[in-house]
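Student: The structure under discussion is supplied below as structure tokens; questions concerning it will follow.
Quick note: the coordinates plus some simple rules give every number you see, no bench work behind them. Source: prediction; values computed, not measured. Glycine gets a Cβ as well: all are built from the backbone with ideal geometry, and neighbour counts include every protein chain shown.
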Protein chains: 2
Amino acid sequence: MDDDVPLILTLDESGSNTSTPNEQLDREDLPNENGGSYDLVNDVSSPATGDYHSQQRSARHNWEMNYQEAAIYLQEGENNDKFLTHPKNAKALAAYLFVHNHLFYLMELTTALLLLLLSLCEAPAVPILRLGIYIHATLELFALVVVVFELSMKMRWMGFYTYIRHKRTMVKTCVLLVQFVEAIVVLVRQTSHVRITRALRCIFLVDCRYCGAVRRNLRQIFQSLPPFIDILLLLLFFMVIFAILGFYLFSSNHSDPYFSTLENSLVNLFVLLTTSNFPDVMMPSYSQNPWSCVFFIVYLSIELYFIMNLLLAVVFDTFSDIEKRKFKSLLLHKRTAIQHAYRLLVSKQRPSGISFKQFEGLMRFYTPRMCARERYLTFKALNQSNTALVSLQDFYNFYEVVGLKWKAKRNREHWFDDLPRTAFLIFKGINILVKSRAFQYAMYTVVAVNGIWILIQTFMLQGGNFFPRDVPWSYIVFLTIYGVELLLKTTGLGPIEYLSSGWNLLFKLKKRYRNVLDTMFELFPRMASLGLTLLIFYYSFAIVGMEFFSGVVYPNCCNTSTVADAYRWVNHTVGNKTVVEEGYYYLNNFDNILNSFVTLFELTVVNDWYIIMEGVTSQTSHWSRLYFMIFYIVTMVVMTIIVAFILEAFVFRMNYTRKNQGSEEDNGIVLEKEISKEEMAGVIELFRRNCAASETAPLQKVVAQMDKYEQTSMLFLGRRSRTKSDLSMKMYEEEIQEWYEEHSRKEEYQWQEDVFPSGNPMPSSGLRQRSQTVI
Amino acid sequence: MDDDVPLILTLDESGSNTSTPNEQLDREDLPNENGGSYDLVNDVSSPATGDYHSQQRSARHNWEMNYQEAAIYLQEGENNDKFLTHPKNAKALAAYLFVHNHLFYLMELTTALLLLLLSLCEAPAVPILRLGIYIHATLELFALVVVVFELSMKMRWMGFYTYIRHKRTMVKTCVLLVQFVEAIVVLVRQTSHVRITRALRCIFLVDCRYCGAVRRNLRQIFQSLPPFIDILLLLLFFMVIFAILGFYLFSSNHSDPYFSTLENSLVNLFVLLTTSNFPDVMMPSYSQNPWSCVFFIVYLSIELYFIMNLLLAVVFDTFSDIEKRKFKSLLLHKRTAIQHAYRLLVSKQRPSGISFKQFEGLMRFYTPRMCARERYLTFKALNQSNTALVSLQDFYNFYEVVGLKWKAKRNREHWFDDLPRTAFLIFKGINILVKSRAFQYAMYTVVAVNGIWILIQTFMLQGGNFFPRDVPWSYIVFLTIYGVELLLKTTGLGPIEYLSSGWNLLFKLKKRYRNVLDTMFELFPRMASLGLTLLIFYYSFAIVGMEFFSGVVYPNCCNTSTVADAYRWVNHTVGNKTVVEEGYYYLNNFDNILNSFVTLFELTVVNDWYIIMEGVTSQTSHWSRLYFMIFYIVTMVVMTIIVAFILEAFVFRMNYTRKNQGSEEDNGIVLEKEISKEEMAGVIELFRRNCAASETAPLQKVVAQMDKYEQTSMLFLGRRSRTKSDLSMKMYEEEIQEWYEEHSRKEEYQWQEDVFPSGNPMPSSGLRQRSQTVI
């Protein structure tokens, strides 16, 4: 088995392949057995001089290199990294391994967060976190230096040319430069200037490895922009027309401040679009002439109820389309990655598939934590033809199979099956009781009664003492009931089954809730990333807001504006009692970053946002309105996308459910594999021969277990939860075949181009050329 | 040709078919030539006694009956009327024809509108429309008597049993009864009591023939309700939990009126769901502890941004599903109708299809206004095999073809082709100029400049004199340019082409706008019917609101409530000037039906709706809140459906466009048919023989035209705009075939059941049994 030789070899350090294989072999060093695998390239001794052992050793090293590169390809496929940034030589590989590492990722994230959190301490700072200029500028410089280090490592991995062609990284570099200069200026002048560029700090977070989802969201937002802008223009067009009309109609009414000038007319119709000043904006003209309401009703019907919904429709439509195209490109990218990896794993002796030995080698690099038993099961799961080799067709399922978690299938039904007869009967009784409908409904009733009880108790309790000293008896009763239920269920079902069936029990009531909750759980990661995307926009706007509006709003600040009441703070004495009249809106300010975030959230909710806008405007200039209007439009985009996203996910799931109505209830993806004793022995032998004796322990445990239960074979279940990708696979089943064919036609063309670039019939790897090694 | 005998006969007056055909024939009266066709049934003289002419006459009458019933079937298919209400005998037919008549429909509509409009005059009436109780009660009684007449006619048509099993009509009858009693009570007591039942008057409008779209909308709303309610419960569940939590957290803060009791807490969180009291509801607790904003942010994120969107998703999903099922059932219903009609049109001699004579007879009843030429073209369009007969398979396209408008295809390209050479060259020049890109862009520029000009002019004009005495020169310039453009285009393109290409020219700029506008035009009828549905809900709520809240809100009415400012009206003197401080909200009242409508629109827009609610509540009881909350939920349902509807229509259209990307631009459905001179002569001969000489005039005109241009044949184009049904046909192309097969399997089964109900192998019509006539 050790005599296998890879069909193609990897990581040609010289980068040249004009030399013939033999020439190249002559140039190689002697095998270096102790060196790390990635500083070795083709450590093959010359066929004429090498003895059998060194040949074997060098073959093993070749294999190690191939395993590692195949693992890298598969990772690139999984993460949707372009193959363009695939490490091209040993130096790049070292940098690649350094950069693709959770420690490095964490460092990236920490620096980015540090930079973002600095805004808490920089003026205008949150009072208790205020730091001296000297301190926070130094911290900033330190963080920036770390970013420089990270970028230089990345450049080392990608190479200079790929690096400068990589847009995101270039933008990051420019921002870094600006930030550097500014930080130094601050340090020198010992005072902060108007640093709006701090708003760009988000890019450090966006560029983090862990924020891939945020990047995808941003990309999707930008892709949805063109149709969005089209409809927005339509919206603004009607707004301008109505503003002119409104100005002519209502500006003669001197008690109507909303349409006194064209600018007011425009601003108020913009606010009306958000309904935020309705019906106030209508009232002065309505009190003069009741029919003036027609103007507002028509405006709102067209703008709010028609065009705004159209906006959602357009975004939703674009969104679904993009989702599908994204899925397609990701699928094909993964497929290409698998092809690349496969070519590196096939041996010269057996070109029709991958043997377990090769697969095991790959997995050592791809998922080092996976134990030997699981690796073997994964291999078996891939291997649908049940031969010794995994063909390319089988290997295409790699990403679907590798995520499965394997467990031995239990033969016993209950955890107490092995107990003595009496105990068994007792537990069996509890089990039946716990599973009965009567018990379930009894518990539902208790929960309902408890809920109503709490409601009534709270209703009776008007002010008074909330937390009486002695615990009320009702609490004790209900807690006892819940305790007993918990005890019964854990004993009757066993702790593991109890925990895993908790959700099912709870939501057996309503199928629709289950669908909703499933969708919710499926959505949760994406929702979180969308939330983070929104926060990034918030951050930028908060910085800009703080630079321009910090400190402009305070109690009784806006007495000249139309919204003076909201900012009032009067402290007057009536009789002998002090009465405080508060408008509270002075709290919605940009005085520090936390306050800014709350203010921006209020602007996002939209209601009464014009009060905040008018307050700030009355204290600054009327150009401030631009800030608020732009913020409104930006949040509108993000919010529309969030809505479209929820819609898309839910509708997709419902369509899926409808399509698979006949099939049984699904609990994720489940696969069953049987392993016989002889097979196990073979695998153990293989590991022993490969000097990986430490890994055989779990395998031997399996054999021991088989012996104990006197079985000749053992069943294993592989499980994982169903992802959106699985659903898409099933939904687009027919189209996928077309995509594959189209793709393979293109690939074939490229392959031909690649393999015989100059009519040279020497096989070589896909994206760059490698020399072939003959031993 | 006249010797054709229908395969089956219609309208068996006796209703019995136990007698053998000959027995039945013996019982029949002699043919009655002058009677209307529908009081004749089987006017077939006994074969033994009848001479040839009376036989021929009776055959013709049989055919007339069949034509009429086939036309009724086709109308039922088109209007989605159940075949259960198909007229069963001559008396029912008379009633049917009386009821299915635009005059009758108009009467229905007028009475319904009269009843609805009475609310303008009944107390609390719109001041200038106030009528005495005596007058409006008499009017109401009159309208109700008309409704009774209408219902009795319907009962005559449907028969008693079908009538009482028809739910909608039964509800209408009950409402009618209640209204009658109430109207009499009012007339007797000479004073109006609390007449909430007036809210039910809408049912008279909903039941109108012309309001079929509204009925469909209502049905769709009710069908969407179950999933909607599920999610609503989830929403309310979270609301209650947060209300309890909010009460415990914030009620200790005595400056916070929003959470002082559990009821307040619930109401304010309900209002917060609509964002209407945000951020005010947060401010008191926020000013005490900044971190309390977390409570509100979490609440809004879950309720507003997640569950509310889920609500939309669920409704949208249900909506799309219902749309598809509706399309399916409508399609199959039409198909069945066509089958019924076909069976009545096939003659005994030629059972494999419908000849033109029969088709022409059908069309005389189905679309009496259609001229002979169009009837023949429709027949030709149906007849795909180009034989003399239209088979059932061809006849299935009936509804698609019958809507086509036919026009002779013009051979000349421009309207001026026939003019003398010089004139032709001039017009040709204008034509080329007008069609040139330069001209188009020049005109766009003029429009843009004009727009900016108006904008600037309005901007400069701050108050001042709006309408100066002398027209400004800019107006004259622009109007002249537009005039010249109009002149050039009408002369260059011809008036017809100019008008029809206007839209195209205008929106050539942006393909997306075209899609949007197309969708808009397609949506318009449905949007109008949805608007009407909303108005019907408004009407009911307005009546209830007027009964309970009319007159409760007036200036300075609500000084004890938290919204007192909004209802303030203070008239005080500062120096020597009178200053009026107005809150204006007292204008949002239920004092008459017009005011109520405006108030309800304001509640629909949602912003600041709690001010109206609190104002009314402070003057009545806190149960009034129920009215406002229920109204909010109802409008939320309707609005969500409107959004879902716009979404569905737009996404559907975009999918369609995407699917048909390759195909040429579509201008609706177009069909081309050629008619030769000989064919025309044959058709004219046919009409002449049938004594319908008056109808041959348009045909002879065609022949004359052919002679003039020395053509042996003439091309006709049939055109109609594309409907949603056409799009659906294409979208569900594959599924439709499945539906048909499934349907025909069921049909076949029913047919067998129907034709041989007791093993009697006598063929009979589909839904009820008819006797076969043998001559």
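Student: Using the 10 angstrom Cβ neighbour count as an exposure proxy, how do A:T274, B:T573 rank, fewest first?
Tutor: In increasing order of surrounding Cβ atoms, one gets B:T573, A:T274.
Student: Scale the Cα Rg of region B:618-664 by the rule-of-thumb value 2.2 N^0.38 Å and send over the ratio, two decimals.
Tutor: Scaled against compact globular proteins, the figure is 2.14.
Student: Within a 10 angstrom radius of the beta carbon, how do B:I536, A:I354, A:I454, A:I641 rank from fewest other beta carbons to most?
Tutor: Lowest to highest Cβ neighbour count: A:I454, B:I536, A:I641, A:I354.
Student: Between region B:143-167 and region B:290-364, what's the alpha-carbon centroid distance in Å?
Tutor: 28 Å
Student: Place a +1 charge on the Cβ of each Lys and Arg in region B:343-461 and a -1 charge on the Cβ of each Asp and Glu, then give the dipole magnitude about the Cα centre in debye, rounded to the nearest 20.
Tutor: Dipole about the Cα centre, nearest 20: 440 debye.
Student: Quick one: order A:I646, B:I135, A:I481 by neighbouring beta-carbon count within 10 Å, fewest to most.
Tutor: Ranking A:I646, B:I135, A:I481 by Cβ neighbours within 10 Å, fewest first, gives B:I135, A:I481, A:I646.
Student: With r as the distance between the Cβ atoms of B:R325 and B:V580 and R0 = 45 Å, compute the FRET efficiency 1/(1 + (r/R0)^6) and round to 0.05.
Tutor: Plugging the Cβ-Cβ distance into 1/(1 + (r/R0)^6) gives 0.15.
Student: Give, rounded to the nearest 20 debye, the magnitude of the charge dipole that region B:168-208 has about its Cα centre when Lys and Arg contribute +1 at Cβ and Asp and Glu contribute -1 at Cβ.
Tutor: 60 debye
Student: If you don't mind, another one. B:I196 to A:A123: FRET efficiency via 1/(1 + (r/R0)^6), r the Cβ-Cβ distance, R0 60 Å, to the nearest 0.05?
Tutor: 0.40
Student: Under a straight-distance cross-link criterion of Cα-Cα below 19 Å, which lysines are reachable from A:K348, leaving out those fewer than 8 residues away in the same chain?
Tutor: By straight Cα distance, A:K348 reaches A:K357.
Student: Can you tell me the Rg and Dmax of region B:520-615, counting just the alpha carbons, in angstroms?
Tutor: Values for region B:520-615 (Cα only, Rg and Dmax): 17.3, 61 Å.
Student: Quick one: of A:K88/A:K730; A:K673/A:K708; A:K405/A:K489; B:K405/B:K724, which pairs are farther than 28 Å apart, Cα to Cα?
Tutor: Beyond 28 Å between Cα atoms: A:K88/A:K730.
Student: Further question: Determine the distance separating the Cα centre of region B:672-687 from the Cα centre of region B:568-599; give it in Å without decimals.
Tutor: Result: 74 Å between the Cα centres.
Student: Here's something else I'd like to know. Let me check against my output: what whole-number percent is the relative contact order of region B:74-149, with C-alpha pairs under 8 Å and at least 6 apart?
Tutor: Taking the mean separation of contacting Cα pairs over the length of region B:74-149, I get 21 percent.
Student: Report, in debye and to the nearest 20, how large the dipole of region A:225-341 comes out about its Cα centre when Lys and Arg carry +1 and Asp and Glu carry -1 on their Cβ.
Tutor: Charge dipole of region A:225-341: 880 debye, to the nearest 20.
Student: Continuing with this model, one more query. Mind jotting down the distance between the C-alpha centroids of region A:182-257 and region A:374-399, whole Å?
Tutor: After rounding, the separation between the Cα centres reads 51 Å.
Student: Still on this model: Rank A:L389, A:A372, A:I454 by how far each Cα sits towards the positive end of the charge dipole of region A:326-471 (+1 on Lys, Arg Cβ; -1 on Asp, Glu Cβ) and give me just the farthest.
Tutor: It is A:L389.
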